[in-house]
1. Give me the pairs: first residue in the stretch 94-114 and more than 17 Å from Val81 (Cα to Cα), second residue of a type outside the set (Lys, Arg), beta-carbon distance under 8 Å, and six or more apart or on different chains, which are they?
2. Say whether the condition of being β-branched (Val, Ile, Thr), modelled with pLDDT of 90 or more and more than 30 Å from Ser122 (Cβ to Cβ) is met by at least one residue in the stretch 10-21.
3. Being over 35 Å from the mean Cα position of the chain (by Cα), part of a helix (DSSP H, G or I) and touching a residue at least 12 places away in the same chain (Cβ under 8 Å), is that true of even one residue in the stretch 32-40?
4. For the stretch 20-50, give me each residue that is of a type in the set (Asp, Glu) and open to solvent by 80 Å² or more (accessible area, probe 1.4 Å).
Amino acid sequence: MKPRHHLYLDDELTAQLERLGSKPGTSKSAIVADALRDYLNRRATRQVDDLLKVRLDRMSSQLGRIERDSLVLLETLSLFVRYQLTVTAPLPEGDKAAQAIGRERFRRFVDQVGRQLATGRSIGAAASEGAGQ
């Protein structure tokens, strides 16, 4: 046997419950139980939403910092390349040895960046280690 509950409802809710409960295949108890179940489920959903909101806010701020840091790095690299290209004299067309040295240096640079990315180590830390070489 199910527990019995005594509820006090205002006149408007009572009238609506009477109307709905008088339809064939329904009962006032089933209507109240369904309504209460839905209400309690929504409360649990709100609690989960509140927890997710905190996590999503934290992730959003972390992504914002990552985006800001990426922009700073991109601007720094862009400024460095622009400066380097401005102060470095172009190689003469006929100086094949200097061009070969430049290609070799660029290939080693690209290889080093690839190795650093593959190992997961910081490129900045590796640059300070490699500065003594």
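The values are calculated or read from the model by the stated rules, or taken from the named source; none is laboratory data. None of these values were measured; they are calculated from a predicted model. Counting neighbours? That spans all protein chains shown, and the Cβs are built from the backbone with ideal geometry, glycine included. Calculation scope for accessible area: heavy atoms of the full protein, side chains included, ligands and nucleic acids excluded. Shrake-Rupley method; radii C 1.70, N 1.55, O 1.52, S 1.80 Å.
1. Within 8 Å, the pairs are Ala98/Leu91; Ala98/Pro92; Gln99/Leu91; Gln112/Ala126; Gln112/Gly130.
2. First, the residues of the stretch 10-21 that are β-branched (Val, Ile, Thr): 14.
In the following step, the residues that additionally are modelled with pLDDT of 90 or more were identified as 14.
Subsequent filtering for residues that are more than 30 Å from Ser122 (Cβ to Cβ) retains 14.
Yes, the stretch 10-21 contains a residue that is β-branched (Val, Ile, Thr), modelled with pLDDT of 90 or more and more than 30 Å from Ser122 (Cβ to Cβ).
3. Looking through the stretch 32-40, at least one residue is over 35 Å from the mean Cα position of the chain (by Cα), part of a helix (DSSP H, G or I) and touching a residue at least 12 places away in the same chain (Cβ under 8 Å).
4. Across the stretch 20-50, the qualifying residues are Asp38, Asp49, Asp50.
Every residue, every condition in (1) surrounded by 10 or more Cβ atoms within 10 Å (Cβ to Cβ); (2) at pLDDT 80 or above; (3) hydroxyl-bearing (Ser, Thr, Tyr), yes or no:
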| position | (1), (2), (3) |
| --- | --- |
| Pro92 | no, yes, no |
| Asp95 | yes, yes, no |
| Ile101 | yes, yes, no |
| Arg107 | yes, yes, no |
| Val113 | yes, yes, no |
| Ala118 | no, yes, no |
| Gly124 | no, no, no |
| Gly132 | no, no, no |
